[in-house]
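What follows is a set of notes on a single structure, which appears directly below.
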Amino acid sequence: MKQTETQQQAAFDYHEFPTPGKISVVASKPLVTQRDLALAYTPGVASVCESIAADPLQAHRFTSRGNLVGVITNGTAVLGLGNIGPLASKPVMEGKAVLFKKFAGIDVFDIEINETDPDKLIDIIAGLEPTFGGINLEDIKAPECFTVEQKLRERMKIPVFHDDQHGTAITVSAAFINGLKVVGKSIKEVKVVTSGAGAAALACLDLLVDLGLPVENVWVTDIEGVVYRGRTTLMDPAKSRFAQETDARKLAEVIGGADVFLGLSVGGILTAEMLKQMAARPLILALANPTPEIFPELAHETRDDVVIATGRSDYPNQVNNVLCFPYIFRGALDVGATTITREMEIAAVHAIAGLAEEEQNEVVAAAYGAYDVSFGPQYLIPKPFDPRLIVRIAPAVAKAAMEGGVATRPLANLDAYVEQLQQFVYHSGAFMKPLFATARQLVRDGGKARIVFTEGEDERVLRAVQVIVDEKLARPILVGRPEVLLARIERFGLRLRLGQDVEVTNPEYDERFPQYWTKYWELRCRDGISKEMARVEMRRRLTLIGAMMVQLGDADGMICGTVGEYHNHLRFVDEVIGKKPGASTYAAMNILLLDQRTVALVDTHVNDNPDAEQIAEFTIAAARQMEWLNLTPKVALLSRSNFGSGSAASGVKMRRALEIVREQAPDIEADGEMHGDCALDEGLRAKLLPMSPLKGAANLLVCPNVDAGNIAYNLLKTEAGSNVAVGPFLLGVNAPVNILTSSATVRRIVNMAALTVIEANRGVGG
């Protein structure tokens, strides 16, 4: 799929800025004092080295080896680009490293080796064994990849896994066995025809045979046609296993009566005519990328009984290796597996397949955003971003390793291990994924999803709205001049269609404006606003337009604030929409998705110097908002005073706020006043105040004034949070309205749009 110039530049910028590449090495221990240096290097490191020399298994205790995977290639078969060499493959290998880290918390060194001789390549990789806990081979061409993996498995006492073969095989097998369940056929009886006989296809067939598929039921075709007995061209032992006694020489000659088509070859090779010849309820796995062997549209148009999966994310049933490889290594590393056995692979297959079949109750749906999935023709395998994958696959693989006798560090308690993995999901900021799924479902079901973006002409807003339209997260309304919007859409290389993808409210003319300014005048006529002033304001204040649209039911929610000062936007929101019943103050809450934790801060933008009553009010509001986001609030009221250690006015104020919170919301786990380090470090807090009701690290930090809140938020966001934040949420407002800031990124705008849709449908205004 050819990239546009804009898409290409976006890819260049993504890889180049703020620093070149996608990965870095970060020290996990402090090196500040002379003592740190003595412990990290000499003389302290000597005793650790001696311990490992005496017992090699100690390496996992004292080094990163037990959580370090080598992603290794020689660049001979990179994506669909072919033999482009090891240096050109490095961006792909770094990408693989990012996936390992993001999905499973595994560290990676990517190793690109300039060597095409299989024996020399094997020697080089085998020599790296002391460095790694596991090896992920990637993008090595067939048939050398078979030899390389086999010999490395024989020589090395750590897991070696060629993902192009086995990752594909595991994911395909999960889709295969679930697809057969959907079409009501037995693996023992189906006729399978493949297009493609490379490493991936043959690995798939080998695994399917081990799962029960008879070899005699498999018909393999490749670039030379049917793999038949006696053929000598482009043959190898792995392929010869599937040779059939037949006079047929082309795919079209063997496709008749086939129950399953497995494609790992080239786009468009399965024609409509061929599809018509297949058996009733055919299962099509058309996995060529980016162009599948047959497009789902053509398949469904040709026959109405087709069940189809592809490798693409824009169709149902995406068969993607990311479903398995991070979690297989996670399970293998955590038990110190010496290899990856066939039993471990099969355990992964059944774990993936089983997840797709899981019943979706209310709790699961809320936690994982699974409102839109139920097992069937459109949902054969889980989605790649399903956060449950790690807690299903890794334990299954670990258990199989222990039962197979290849685990050097068996787990004492599998249930505790599952809980540990669940905590990883929580800390990795995965809570946005279910919210996106929920927003999509609301849009599909015709829920309240009309979100007005008041700065519609802003570049970030337009780029965010393109994502929102593509992902179907909302039904956007842009406030902006149509001619300006069209020019900028074209300039930025976007695909938005005004009037189709997005509704437009033109600030220069809209037939609803007389109603809008009249209503505004009625609301504000006793505050010195004349009719003429109301008319002028309604044409020049974009936030006022958006707020009135929400107030009069022309929009379901609003996003504003990407241009201008926060309080200028809040003024119009307050004048038109106002506070929700029972609220006496507004506040802004931001959530930061940090590497090791998810932290919310309040108040970051509104109250210069709130009193204890105001702090208590927005503390409770922020805690309830976190609960709504499936985060359990643990509240720390911050001050430069620490449990009465000083006479600071902020300390007195925060103590009083704590009293009010405990009176009005005794179910909320909270304590204060305290220092920021005590909030995040339970050990330090326990030394100072062992009887504190706050257990674990606080995740809702309540600041004594807006200066403290804003400074802390921006410092953390920039230095520790990679500029990834959710918010600000406007607390206390009587409608689904959120005011962002001028530093808002495209990602943050998208996040808040999805959340605003959900707010609109839950009747939550803040």
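Could you please find all residues in the stretch 380-399 being assigned to a loop (DSSP other than H, G, I, E, B) and charged (D, E, K, R)? Give the derivation first.
Of the residues in the stretch 380-399, the ones assigned to a loop (DSSP other than H, G, I, E, B) are 380-388.
Correct list: LYS383, ASP386, ARG388.
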Return yes or no: is THR168 out of contact with any Phe, Trp or Tyr (no Cβ under 9 Å at 6 or more places or on another chain), buried (at least 24 other Cβ atoms within 10 Å of the Cβ) and not aliphatic (A, V, I, L, M)? yes
Are there any pairs, at least 6 apart or on different chains, whose C-beta atoms fall under 7 Å, with the first in the stretch 185-197 and not assigned by TED's automatic domain parsing to the domain that holds GLY267 and the second part of a strand (DSSP E or B) and among the small types (Gly, Ala, Ser), and if so, which? none
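Identify, please: which residue in the stretch 559-588 is among the β-branched types (Val, Ile, Thr) and not in a loop (DSSP other than H, G, I, E, B) and is, among those, farthest from GLN614 (Cα to Cα)? Talk me through it step by step, then tell me what you get.
Our first condition is that a residue be among the β-branched types (Val, Ile, Thr); within the stretch 559-588, this holds for 559, 562-563, 573, 576-577, 585.
Adding the requirement that they be not in a loop (DSSP other than H, G, I, E, B) leaves 559, 573, 576.
Working: ILE559: 25, VAL573: 19, VAL576: 22 Å.
So, considering only residues that are among the β-branched types (Val, Ile, Thr) and not in a loop (DSSP other than H, G, I, E, B), the one farthest from GLN614 (Cα to Cα) is ILE559.
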On the given criteria, is ALA679 under 30 Å from SER645 (Cα atoms), touching a strand residue (DSSP E or B) at 6+ places or on another chain (Cβ under 6 Å) and among the small types (Gly, Ala, Ser)? yes
Give the residue that is surrounded by the fewest Cβ atoms within 10 Å (Cβ to Cβ), with candidates limited to residues of the stretch 82-109 that are part of a helix (DSSP H, G or I) and in contact with a helix residue (DSSP H, G or I) (Cβ under 6 Å, 6 or more places away or on another chain). LEU99
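Take the residues in the stretch 61-81 that are among the β-branched types (Val, Ile, Thr) and in contact with a Leu (Cβ under 9 Å, 6 or more places away or on another chain), then tell me which one is surrounded by the most Cβ atoms within 10 Å (Cβ to Cβ). I'd like the intermediate steps shown before the answer.
From the stretch 61-81, those among the β-branched types (Val, Ile, Thr) are 63, 69, 71-73, 76, 78; that's our starting set.
Checking the rest, the ones that are also in contact with a Leu (Cβ under 9 Å, 6 or more places away or on another chain) come to 69, 71-73.
Details: VAL69: 29, VAL71: 26, ILE72: 27, THR73: 25.
This residue is VAL69.
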Identify, by number, the condition in (1) closer than 28 Å to ASP556 by Cβ; (2) modelled with pLDDT of 85 or more; (3) in contact with a Pro (Cβ under 7 Å, 6 or more places away or on another chain); (4) buried (at least 17 other Cβ atoms within 10 Å of the Cβ) that ARG440 doesn't meet. (3)
Name, by its number, the condition in (1) at pLDDT below 90; (2) in contact with a Lys or Arg (Cβ under 9 Å, 6 or more places away or on another chain) that does not hold for THR4. (2)
How about the stretch 666-707: which of its residues are in a loop (DSSP other than H, G, I, E, B), among the hydrophobic types (A, V, I, L, M, F, W, C) and farther than 19 Å from LEU601 by Cα? LEU689, MET691
Filter result (more than 13 Å from PRO91 (Cα to Cα), in a helix (DSSP H, G or I) and modelled with pLDDT under 85) within the stretch 10-38: ALA10
Can you tell me how many residues within the stretch 727-766 are within 14 Å of THR562 (Cβ to Cβ) and of a type in the set (Lys, Arg)? 2
Any chance the stretch 182-193 includes a residue that's surrounded by fewer than 24 Cβ atoms within 10 Å (Cβ to Cβ) and hydroxyl-bearing (Ser, Thr, Tyr)? yes
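The values are calculated or read from the model by the stated rules, or taken from the named source; none is laboratory data. From a predicted model like this one, the values you see are computed outputs, not experimental measurements. As a convention, Cβ positions derive from the backbone with ideal geometry for all residues, glycine included, and neighbour counts pool all protein chains shown.
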